[in-house]
1. Counting only helical runs of four or more DSSP H residues, what would the 222 nm mean residue ellipticity of the chain come to if each run contributes -39,500 (n - 2.57) and the total is spread over all its residues?
2. Any idea what Rg and Dmax come out to for the range 40-159 if you just take the C-alpha atoms, in Å?
3. Quick one: Cα centre-to-centre distance for the range 125-147 and the range 57-113, in angstrom?
4. Ranked highest first by average number of other Cβ atoms within 10 Å, how do 49-61, 88-100, 29-41 line up?
5. What residues from the range 94-116 fall in the zone where the backbone N is under 18 Å from a label point 7 Å along the Cα-to-C-beta line of residue 123?
6. Nearest 10 degrees, 0 to 90: what angle lies between the long axis of helix 40-59 and the longest principal axis of the chain (Cα atoms)?
7. Express in nm, to one decimal, how much length is gained between residue 60 and residue 14 on full extension, taking 0.36 nm for each residue of separation and deducting their alpha carbon distance.
8. Suppose the chain between residue 71 and residue 42 were pulled fully straight at 0.36 nm per residue; how much longer would it get relative to their current alpha carbon spacing?
């Protein structure tokens, strides 16, 4: 079994710790799983699988829920494309998936960055859809499958 070079360097000094594939960043587990251009296709596939799973579950909710998938929404700072926009109980919610490495606070950063990115859309969408403003509901999943408490709590709060 091989390890990333940065970790191995702590045990046995390595001549260099740059990524074996892209050779631009230090080869850490976080880099391999979350940033390296050579694993980008797998990261996108993982994101899309989670997005599709969430959309399917939302569509199967018994109460009246409208799911608007990957709408391109113009804003003053550019177009935004949240995963699903969900209208439920007279409120609009922006749901967006992100997959982040579990170490160094990346999961919490993923949650915070999605809220900051999409919160300006809530008023725009509420006006366009003639409903009340809901919440941004980030779905943050770790590269090894973990989910932070904030993701679990927001799903429980809205859809239980």
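1. Values: 5 runs with 68 residues, N = 160.
After summing the helix terms and dividing by the residues of the chain, the value is -13500 deg cm²/dmol.
2. That works out to 14.0, 41 Å for Rg and Dmax.
3. Centre-to-centre (Cα) distance: 3 Å.
4. Numbers: 49-61: 14.2, 88-100: 20.9, 29-41: 16.5.
Ranking, from highest mean packing down: 88-100, 29-41, 49-61.
5. Answer for the range 94-116: 94, 115-116.
6. 30 degrees
7. Values: separation 46, 0.36 × 46 = 16.56 nm, distance 5.21 nm.
Answer, rounded to one decimal: 11.4 nm.
8. On the way: separation 29, 0.36 × 29 = 10.44 nm, distance 2.32 nm.
Contour length minus Cα-Cα distance gives 8.1 nm.
Where a number appears in this text, it was derived from the coordinates with a stated rule and is not lab data. Since we're looking at a predicted model, the values are computed, not measured. Please note: Cβ atoms are built from the backbone with ideal geometry, for glycine as well, and neighbour counts cover all protein chains shown.
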